[in-house]
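S.K.: Supplied in structure tokens, the structure appears directly below.
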Amino acid sequence: RPWAANALVHKPFLGNFIRRLKRASGPRRSESAALLAVLTSAWVRCSHLQRRLQPRRNLDGRIGRRASKLGADGEAVIDVGMAEQFASETRDRDMVACFRVDHVEEGGFGAIATRDIAAGELVTAETPTLYMSSESAKCPPIQVQFDALPTSTQKSVMALHDSLSSNGEKSLEGISGTNAHCRNEQCSESVICLLCSRFNHSCTPNCEQNWDEERGMLTILASTRIREGEQLCISYLELRRTAADRVGELWERYHFQCKCCACAGASAASDHRRVCLMELDGQIGSLGGTDPSRSIRLVTDTLELLDAEGLHLNDLRQRECSHASRLAMFSGCVGEARVWAEKALSYCLLFYGPGHAETLRLRQEAEDLAHQSRIEGASDDENPPSLLGMLPMLTCLSALCVALIAVRLFG
């Protein structure tokens, strides 16, 4: 169990240690074989735990049938190659069901949908191959991690795009800088995933990526409905900018000319909408809770601009709707807060999926607001407004009737 826990972070080193044990010889060979079985089992269990996408299976039984053999002493010894193949199949079998990696018209490789994909559907969830952090104590140097990988995996890493390469000579530093996915908002920690690195950029992406800290995986979900044959794209940068700014940054960082529909068909209206989205975000943040009604109107404007621009940024949408729900609750409008909370939950499902901690939190918040709204509704039914309370309204209606009669009589 301790080895399984450590493997969640240092699985490449565990695999390297397993290979060394397999080559062990001499008087301690039997001890090495026993330890080899334990560590390989932990490695496979770790991979299965990280997936957490299907109901738990009897791993011991399956490994015993598929990846074990009898040693000289009659005890089961797990074959490393078979165990690695088993882990790879169980980890990736369902991940590649909706897309394939193939050559694309723009050059290089890309992810192509092999069937229709629904909005919010999980496209892939991948355990990182390499980890990087600005704090050296959090993970080993990337070169050390790379050296511990199997030769086939090293070749797969070096086959990734290197935007800093010169004369076709790639470097691990250039590949890591080109293909890193951030684990937090500050981007102080990042990962490299072989499959996720094949997703190209678009300024109108149809997929969104996020880091699942609980499972230790990078996940990509469809942000809108995708047709069979369409390319699956994510975003490499902040999209709420003009086309010229986006194209310039993409060329500077990744050395490619963006030819997506948003850049190829760029217009002043599109640039204006995207710049307004960034400005609205700043205004909402600066207002805070000082003017809730105005902030909620700005959130509504944000959602309308996103729809007009065709941007399915569900992360941004759920954050803005959550903010509007809190503002409405702060103003004492429980019913309005419930509506915004339900909107936030719907976008959260599209961005994180149903089992994510943030989705569960928003679901509970929406249920609490719905319960509170029902209580207030029942309280209002039990205490109908009295005639005295309706007197101002009746006075206004009487005055309006008198005015209308006077207009009809005297022209």
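The values are calculated or read from the model by the stated rules, or taken from the named source; none is laboratory data. For clarity, every value in this text was computed on a predicted model and none was experimentally measured. Positions of Cβ are generated from backbone atoms using ideal geometry, with glycine treated the same way; all protein chains shown enter the neighbour counts. We work out accessible area using only protein heavy atoms, side chains counted, and drop any ligands, DNA or RNA first. Shrake-Rupley method; radii C 1.70, N 1.55, O 1.52, S 1.80 Å.
S.K.: Restricting the stretch 332-341 to residues that are under 15 Å from Thr300 (Cβ atoms) and surrounded by fewer than 22 Cβ atoms within 10 Å (Cβ to Cβ), which is nearest to the chain's Cα centre (by Cα)?
M.R.: Val339
S.K.: Considering only residues that are over 27 Å from the mean Cα position of the chain (by Cα) and of a type in the set (A, V, I, L, M, F, W, C), which ones fall in the stretch 317-331?
M.R.: Of everything in the stretch 317-331, those that are over 27 Å from the mean Cα position of the chain (by Cα) and of a type in the set (A, V, I, L, M, F, W, C) turn out to be Ala328, Met329, Phe330.
S.K.: Okay, next question. Quick test for you: out of Leu122, Leu130, Leu160, pick the one residue that is within 25 Å of the chain's Cα centre (by Cα), open to solvent by 50 Å² or more (accessible area, probe 1.4 Å) and closer than 24 Å to Ile220 by Cα.
M.R.: Leu122
S.K.: Do any strands (runs of 3 or more DSSP E) lying entirely in the stretch 99-188 carry at least 1 residues that are out of contact with any Asp or Glu (no Cβ under 9 Å at 6 or more places or on another chain), and which ones are they?
M.R.: In the stretch 99-188, the matching strands (runs of 3 or more DSSP E) lie at 99-103, 122-126, 130-133.
S.K.: Are there any pairs, at least 6 apart or on different chains, whose C-beta atoms fall under 7 Å, with the first in the stretch 268-296 and in contact (Cβ under 8 Å) with a residue 40 or more places away in the chain and the second assigned to a helix (DSSP H, G or I) and open to solvent by 30 Å² or more (accessible area, probe 1.4 Å), and if so, which?
M.R.: Gly289/Phe330
S.K.: Do you know which of the residues in the stretch 216-244 that are open to solvent by less than 40 Å² (accessible area, probe 1.4 Å) and in a loop (DSSP other than H, G, I, E, B) is farthest from Leu280 (Cα to Cα)?
M.R.: Gly216
S.K.: With respect to His255, determine if the residue is closer than 24 Å to Val299 by Cα and surrounded by fewer than 17 Cβ atoms within 10 Å (Cβ to Cβ).
M.R.: No.
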